[in-house]
Amino acid sequence: MDNLVVEGGVPLHGAIRVSGAKNAALPILAASLLTEGTCTFRNVPRLRDVETMGALLRIMGAETEIAPPVVTLRGGGVRRPEAPYELVKQMRASVLVLGPLLARFGHAKVSLPGGCAIGARPIDQHLKGLEAMGAEIKLEHGYVVASCPRLRGATIHFDMATVTGTENLMMAAALAKGRTQLVGAAREPEVEELARVLNKMGARIDGAGTDVIHIEGVETLHPVDHAIIADRIEAGTFMCAVAATGGDVLVEGTISEHVEPLAERLRTAGVEIVREETGLRVRSPGARGLRAVDIETAPHPGFPTDMQAQFMALMTLARGTSHVIESVFENRFMHVPELSRMGANIQVRGQSATLTGVDRLSGASVMATDLRASACLVIAGLLAEGETEVLRVYHLDRGYEAIEKKLSPLGARIRRVRGNL
Ligand code: EPZ
């Protein structure tokens, strides 16, 4: 397993390009199941999760050409609408094939994803919505076995905003008979992007991006050629990195509105963020020159839970005390013990963490436990004095395209080494 070795203390300068959005690409690749023809997707990031989704579609019989940034998929070849445990356990987002398979084939067998490091992450809202549309859902031997000759439109009220729940049901409703309303829908930009793709395929969806989405079912959908939006979490991670080290970096390809919840907090802390022609310019005196600010994660347009760990790394050296409340997932503070080993002063009580700025972090060997915790530790390494080795970067490779190759041209001292773990 690879590790990343980071030498801290170097301000970052230059320009860095953001890749396509992982959390838009995954539902969009699954949407190719909704049509017989060949879909072409561009600006697809080169990530393990994209490979995994490609493998899943291939196992079902779809013809795939996974060559990021271009991916082509022909849903017409699908013969086995089944998603096996060995793939689903690698990537929870595999559950996104459930809605499309049921809508297109009338039956589907998808492994329950199981929990993950950050929480139990049930899919009850996905299943409740499909049942409301007439599906018979059985749970057998760890699999969801769903069947329904033809889904019919329904009004579905979510108990909480769920991104993939909204996406799964939007895809199912696209081919259902009649009208569906998703009330309490997730408002993330990736939900809007999926609706954009589905409408290009012939679906009739409006309201995506708001908390009520209307879908008028149609008989068939046709293939599409589409370039995917930029990844707002990768962009936010780079923004936190330069905020932490200090410097002046143009984060290219970023969609400003999508990172506004984070940008607002960074500006409050004292980071200068200016919109330019090709992206956002981020200038910072470095973490020690920033004010401590509070954050509470929430569904979009609130502060994104996927940026909580990276922001916490930045706050370890900020002046004063900051309070971080994680309201979306029940166990998303696993980066805290690793930051503490580097010298951070963080007290965790339930869903809230209190950080008191310290003078310095010292480099250490640290272990990543999930994707965004890994990104947090890379930022901490860029801040720390001396050398930090981030172990198990396969977590990082799920969501960041060759992060060391992107950060090095900015002056970051970061290299990938073969680990012995
Ligand atoms: C999506 O996960 C993202 N993944 C996650 O990004 C992100 O952290 C999350 O949304 C929140 O923004 C993809 O889009 C592929 P949820 P998802 O359903 O859809 C509870 C990353 O780092 N819930 O919005 O699985 C759930 O337990 C990943 O890129 C239910 O109780 O998240 C959680 O507490 C990590 N029942 C909350 O809702 C359900 O049926 C939000 O989860 C569904 C969700």
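The values are calculated or read from the model by the stated rules, or taken from the named source; none is laboratory data. These figures come from a predicted structure and were not determined experimentally. In this analysis, Cβ positions are derived from the backbone assuming ideal geometry, glycine residues included, and neighbour counts consider all displayed protein chains. Calculation scope for accessible area: heavy atoms of the full protein, side chains included, ligands and nucleic acids excluded. Shrake-Rupley method; radii C 1.70, N 1.55, O 1.52, S 1.80 Å.
In region 122-140, which residues are within 8 Å of the ligand (Cβ to nearest atom) and touching a residue at least 40 places away in the same chain (Cβ under 8 Å)?
Ile123, Gln125, His126 - these are the residues of region 122-140 that are within 8 Å of the ligand (Cβ to nearest atom) and touching a residue at least 40 places away in the same chain (Cβ under 8 Å).
Which one of the conditions (1) touching a residue at least 40 places away in the same chain (Cβ under 8 Å); (2) within 26 Å of Pro68 (Cα to Cα); (3) buried (at least 23 other Cβ atoms within 10 Å of the Cβ); (4) of a type in the set (Ser, Thr, Tyr) does Thr388 fail to meet, given that it meets all the rest?
Exception for Thr388: condition (2).
In region 284-304, what residues are in contact (Cβ under 8 Å) with a residue 40 or more places away in the chain and either open to solvent by 30 Å² or more (accessible area, probe 1.4 Å) or within 14 Å of the ligand (Cβ to nearest atom) (or both)?
Step one: filter region 284-304 for residues in contact (Cβ under 8 Å) with a residue 40 or more places away in the chain, giving 284, 286-290, 292, 299-304.
Within region 284-304, Arg288, Gly289, Pro299, His300, Pro301, Gly302, Phe303, Pro304 meet the criteria.
Which residues, taken from region 211-258, are of a type in the set (Ser, Thr, Tyr) and either in contact with a strand residue (DSSP E or B) (Cβ under 7 Å, 6 or more places away or on another chain) or open to solvent by less than 20 Å² (accessible area, probe 1.4 Å) (or both)? Walk me through it before giving the result.
Step one: list which residues in region 211-258 are of a type in the set (Ser, Thr, Tyr), which gives 220, 237, 245, 254, 256.
Residues satisfying the conditions are Thr237, Thr245, Thr254, Ser256.
Could you grab me the full set of residues in region 314-362 that are acidic (Asp, Glu), in a loop (DSSP other than H, G, I, E, B) and out of contact with any Ser or Thr (no Cβ under 7 Å at 6 or more places or on another chain)? It would help to see each step written out before you state the result.
In the first step, residues of region 314-362 are kept if they are acidic (Asp, Glu); the result is 326, 330, 338, 359.
Still in the running and in a loop (DSSP other than H, G, I, E, B): 326, 330, 359.
Correct list: Glu330, Asp359.
Residues that are in the same structural domain as Pro11 (by TED's automatic domain parsing), part of a helix (DSSP H, G or I) and open to solvent by less than 30 Å² (accessible area, probe 1.4 Å): does region 365-372 have at least one?
Filtering region 365-372 for residues in the same structural domain as Pro11 (by TED's automatic domain parsing) gives 365-372.
Within this subset, residues satisfying the condition of being part of a helix (DSSP H, G or I) are 371-372.
Filter again for open to solvent by less than 30 Å² (accessible area, probe 1.4 Å), leaving 371-372.
Checking region 365-372: at least one residue is in the same structural domain as Pro11 (by TED's automatic domain parsing), part of a helix (DSSP H, G or I) and open to solvent by less than 30 Å² (accessible area, probe 1.4 Å).
Here are Glu216, Glu234, Glu193: which of them is touching a residue at least 24 places away in the same chain (Cβ under 8 Å) and not assigned by TED's automatic domain parsing to the domain that holds Leu102?
Only one candidate qualifies: Glu234.
On the given criteria, is Arg288 touching an Asp or Glu at 6+ places or on another chain (Cβ under 8 Å) and of a type in the set (Lys, Arg)?
The answer is yes for Arg288.
Among the listed residues Glu131, Glu140, identify the single one that is surrounded by fewer than 19 Cβ atoms within 10 Å (Cβ to Cβ) and under 23 Å from Glu219 (Cα atoms). Spell out how you get there, then give the answer.
Numbers: Glu140 fails: under 23 Å from Glu219 (Cα atoms).
After applying the criteria, what remains is Glu131.
Select the helices (runs of 4 or more DSSP H) contained entirely in region 30-108, then report the ones holding at least 2 residues which are in the same structural domain as Glu401 (by TED's automatic domain parsing), hydrophobic (A, V, I, L, M, F, W, C) and crowded, with 16+ Cβ neighbours inside 10 Å.
Working: elements: 48-60, 85-88, 98-105.
Answer list for region 30-108: none.
If the Cβ limit is 6 Å and pairs must be 6+ apart or interchain, which residue in region 357-374 that is without any contact (Cβ under 8 Å) to a residue 60 or more places away in the chain pairs with which residue that is of a type in the set (Asp, Glu)?
Close Cβ pairs satisfying both conditions: Arg360/Glu385; Ser362/Glu385; Ser365/Glu389; Val366/Glu338.
Out of Met53, Met91, report the one residue that is modelled with pLDDT of 95 or more and within 29 Å of Ile156 (Cβ to Cβ). Break it down into steps so the answer makes sense when it comes.
Details: Met91 fails: modelled with pLDDT of 95 or more.
Just a single option satisfies the conditions, and that option is Met53.
Restricted to region 313-328, and to residues that are of a type in the set (Val, Ile, Thr) and open to solvent by less than 10 Å² (accessible area, probe 1.4 Å), which residue is nearest to the ligand (Cβ to nearest atom)? Write out each step before concluding.
Initially, region 313-328 is screened for residues of a type in the set (Val, Ile, Thr), giving 316, 321, 324-325, 328.
Add one more test, that the residue is open to solvent by less than 10 Å² (accessible area, probe 1.4 Å), and what stays is 316, 324.
Details: Thr316: 21, Val324: 15 Å.
Within region 313-328, the match that is nearest to the ligand (Cβ to nearest atom) is Val324.
Among the residues of region 162-203 satisfying the criterion of being more than 22 Å from Arg74 (Cα to Cα) and more than 18 Å from the chain's Cα centre (by Cα), which is surrounded by the fewest Cβ atoms within 10 Å (Cβ to Cβ)?
Val183
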